[in-house]
Amino acid sequence: GRPAVLAGPGRVLERTFDDELQLQAWRLAGLPPDPFSVENAILTVTTRRWPLLVDPQGQAAAWIREMESESGLVVADAGAPDAAQRVEAAVQLGQPVLLSGVAGGGAAGSSSGAAKELPVWLEPLLRRQVVRRGDARYVRLGGRLVHFADGFRLYLRETVAAPRLSADASTMVTTVNFALTWGGVSHQLLGAAVAEERADLEQDKARVVLELAEYGSQLRSLEERVLQLLAERSHDLLEDSEAVDTLQDCRRLSEAATRKRAAARVTAARIDAARGAFEPIARTAAALFFAAESLSRVRAECRFGLAWVRHHLLTALRRAGGAEEEQSLEQRLLRVGAALRQGVMQSLLRSVFEDQRPAVLATVAVRLAALRGPDYAPPRLVRFWVAGPSGAAGGAGGEDDGVRADAASDEPSLSLSAVAARSAAKQGAAAGAAGAASKGATAPPPRPSRPARPTTPPARGAATAAGAAGDADASG
C-alpha cells in the first residue's frame, strides 16, 4: 500500500523533507523561515498538480522570482491580451511561468460574487493533457499541438485572500495559502529591526546561512561520490589502492565539513541569542500590523501591507536617536516602542472617520494587551472583538475565558464587526439623505395653483350667511 505520513503534536512536515540544502537555498531566495512558510514551499515544489498560490502580500511572488531567476522566469498576468502566447512560448522553451490574476482579481474575493473559473485556455496544462510522440511530449494549446519541454513549470498566483473557485477549478490545482502568519511577520520585522540597529549581526547571520548551505552541499557530494565508487568497483575494494585512497579522502573531508557545520550552528545560536533582544519590538510591530489588518472590517479602503508597518518600525528606530546615546538597550527599545505606537496610531486615525476612531483605539489596545499574556487579553476576547459574537462562540476556549458567547450576544454593540455595521449604516443613511437633499434642491419649486372658478353662481342666501359669519368673527 501507499506509505503513511505520521501526524501528531511533535511532527513537522519540514523534518520529512530530507533536503536541508534545498531549504537553505529557499531561505536565501527570500522565503520566510517560519514553519508555515516552509511547509507551503514544500507543497509548492512537490505537488503533482500545478500550485495556486494565495499571496495577498506578495511574499510568494518575491520568493518565486528569486528562486527561478536563473531559469528565465516568465511573469505574466492572466488578463493580459498576450498571456496565452507568452505561456505557449514558455511551454516550448521549457521556462517557468508565474501567472497572476487567474481567479478574476478582486472580484473573486467578494462574498457576494459567484465562484470563479480558471482561464479556459489553461485547462490542457492544468489537466496535464500531455501526449507522447516518440521521445517528445506535446500538449494541445489554442487548437494545435505544442512541444512540451522538460523545464516548464507553472505557478498560478492570486492576490485575493480567499479566492472563490468552482468545484471543477479546485480539482485542477493545489491551493497553497501564503497569507501572513504571526511567526512569519514577527521574524521578518525582527530581521528589519536588527538590520537597522545591528547590521553586523545580520551580515553574520547571512554568512552563517551560506556556510551551512555550502557544508551541506559538500557532504551531499561526498555521499554521492562514495556511492558511485561502490557501484563502479565490483571486486574487493581492499585490493584497489585508488578506491581506498578515495574513501580516506572522503572520510577526512566529511569530518572537516561536519566540524565546520557544528561550529557554524554554534555561531548561528549565538547570533540568534543576540537578535533576541529585539524580539519585543518586533512582536509589538506584528501586533500593530494585525490590528491594522483587521480594520478592513470597519472600512474596506483600509488595506495595510507589511511594507507599511516596516516603514513605521524603521522610522521609529531612527527617530529614537543613536544607540550610543542611551544608557541601555532596554531603555532605547522602550523609546522605540513608544515612537512606533505613536506613528502607527497617527496613521490609522487619519485613515478612518471620526465615529470609527474608538474602534481603532480599542482594536489596537486589545492586540497590544494580548502580547502580555492571556490574563490581560484572553484569546476569546480577541476573537470576539475582531469577529463579533459568532467568532467568540466558535472559539475553543471555555466559559470562563473572559467573554462568554451568550453575554457577547447581549452586547452586540461592543464588537468590531458591529461597529463596522453601524458605521456602514450611518454612511448609507447620510448618503441617502444627501442624495434626497440634492434632488430636492435641483427640482423646480411647484407653481401656485389658482382657485377653481365656480361653474354656477352661489345662492343669494348662502352668500349672505357667509358674509354675516365673517362680520361676526371680525367684531368678536
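Looking at segment 67-199, the DSSP beta bridges with both ends there are about 45 percent antiparallel.
Full extension of the chain between residue 69 and residue 19 yields a length gain of 15.9 nm, computed as 0.36 nm times the residue separation minus the alpha carbon distance. The amide H of residue 141, built 1.01 Å from its N in the peptide plane, has 146 as neighbours under 5 Å, considering only residues 5 or more places off or on other chains.
Electrostatic tally near residue 168: other residues with Cβ closer than 12 Å to its Cβ, Lys and Arg +1, Asp and Glu -1, net 0. Under a 5 Å amide H cut-off, with hydrogens placed 1.01 Å from N, residue 77 pairs with 100 among residues at least 5 apart or on other chains. Restricting segment 107-192 to chymotrypsin sites (Phe, Trp or Tyr not before Pro) that sit in a DSSP loop and have at most 11 other Cβ atoms within 10 Å of their own Cβ leaves nothing.
Excluding ligands, DNA and RNA, the accessible surface per residue across segment 94-225 is 48 Å² with a 1.4 Å probe. Charged neighbours of residue 213, selected by a Cβ distance under 9 Å, balance to -2 (K, R count +1; D, E count -1).
Phi angles across segment 306-319 convert, under the Karplus curve 6.51 cos²θ - 1.76 cosθ + 1.60 with θ = phi - 60°, into 3J(HN,Hα) values of 5, 4, 5, 6, 5, 4, 5, 5, 5, 5, 5, 5, 6, 6 Hz, Gly and Pro given as x. Averaging the Cα positions of each part gives two centres, and for segment 161-176 and segment 250-304 these lie 31 Å apart. Phi angles of segment 119-131 translate, via the Karplus equation with coefficients 6.51, -1.76, 1.60 and θ = phi - 60°, into HN-Hα couplings of x, 5, 5, 8, 4, x, 6, 5, 8, 6, 7, 9, 10 Hz per residue; Gly and Pro are given as x.
The values are calculated or read from the model by the stated rules, or taken from the named source; none is laboratory data. If you're wondering where the values come from, they're calculated on a predicted model, not measured in any experiment. In this analysis, Cβ positions are derived from the backbone assuming ideal geometry, glycine residues included, and neighbour counts consider all displayed protein chains. When the accessible area is computed, the model is the full protein with side chains, heavy atoms only, and any ligands, DNA or RNA have been set aside. Shrake-Rupley method; radii C 1.70, N 1.55, O 1.52, S 1.80 Å.
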